[in-house]
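Working notes for the structure below.
The values are calculated or read from the model by the stated rules, or taken from the named source; none is laboratory data. Quick caveat, the model's predicted, so the values are computed rather than measured. Using ideal geometry, Cβ is built from the backbone for each residue, glycine included, and neighbour counts are taken over all protein chains shown. The protein model used for the area step is the full one, side chains on, heavy atoms only, and it has no ligands, DNA or RNA in it. Shrake-Rupley method; radii C 1.70, N 1.55, O 1.52, S 1.80 Å.
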Amino acid sequence: QKEVEQNSGPLSVPEGAIASLNCTYSDRGSQSFFWYRQYSGKSPELIMFIYSNGDKEDGRFTAQLNKASQYVSLLIRDSQPSDSATYLCAVGSSASKIIFGSGTRLSIRP
Amino acid sequence: NAGVTQTPKFQVLKTGQSMTLQCAQDMNHNSMYWYRQDPGMGLRLIYYSASEGTTDKGEVPNGYNVSRLNKREFSLRLESAAPSQTSVYFCASSAPTGWQETQYFGPGTRLLVL
């Protein structure tokens, strides 16, 4: 079992709709959770991080964490074509150990 | 502020050749990392350095060596390149966000080993 699992996609969402990206992790001791966006041919860029159970909102993005279910998600409201990218979930169990999922490819169709 | 810079952007090597990938950051971060990214595999940690003068192996260190030259620079060396090392290599540096280090990535080096 991979330590951080994501559906590879592609996930196709109409413009203006909510895109929901999911991630599960295996290490119950994980303490921090990150979402990165990666455009094709570019490097990952940090969108959000979350440490506590519940929701964390930043503009059109909401990260949701459920440690009991070992589940973290990213919601993108009012999806735009510029949101089309691969989204990487990353999970940290110590200050320097961060494990990345293989990413979900998101496509926003006009 | 350039952030994290990497050179070269692209490189083609023949099997058995050696090369060094360079990385520098100007954010005064203590920790630096080297990852490789292959299709369907996500980012895998090769080596990291928690501070100047220290380095530690990550998930896939075989075939690589690193040097933390100073606080700014962290280089990755392939002594004898193999086709399996064809990949995109990312350097990252990190800053504390709460207790966790948050990583910021360079633009990447695309390496092809023939």
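Tabulated data for the structure shown
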| read-out | value |
| --- | --- |
| Averaged over A:100-106, number of beta-carbon atoms from partner chains that fall within 10 Å | 3 |
| Residue-level accessible surface for B:Leu78, protein heavy atoms, 1.4 Å, Å² | 0 |
| Rg ratio (alpha-carbon, reference 2.2 N^0.38 Å) - the range B:52-111 | 1.25 |
| Using a Förster distance of 22 Å, the FRET efficiency for A:Glu15-B:Lys9 (Cβ separation, nearest 0.05) | 0.10 |
| Estimated distance in nm for a label pair at A:Glu3 and B:Lys71, the labels positioned 7 Å out from Cα along Cα-to-Cβ | 2.9 |
| Nearest-0.05 FRET efficiency for A:Asn53 and B:Arg110, computed from C-beta distance (R0 35 Å) | 0.35 |
| Separation of the A:Ser107 and B:Ala82 label points, Cα + 7 Å toward Cβ, nm | 3.6 |
| Rg ratio (alpha-carbon, reference 2.2 N^0.38 Å) - chain B | 1.01 |
| Amide H within-cut-off set for A:Cys23, under 5 Å, with H built and near neighbours excluded | A:Val72 |
| Percent of C-alpha pairs per 5 Å bin, the protein assembly as shown, short to long | 1, 7, 15, 18, 19, 16, 12, 7, 3, 1, 0 |
| Reach of A:Lys67 by Cα under 20 Å, taken over aspartates and glutamates that are not fewer than 8 positions away in the same chain | A:Glu3, A:Glu5, A:Asp27, A:Asp55, A:Glu57, B:Glu101 |
| Kirkwood Rh in Å, taken over chain A so that all alpha-carbon pairs contribute | 13.9 |
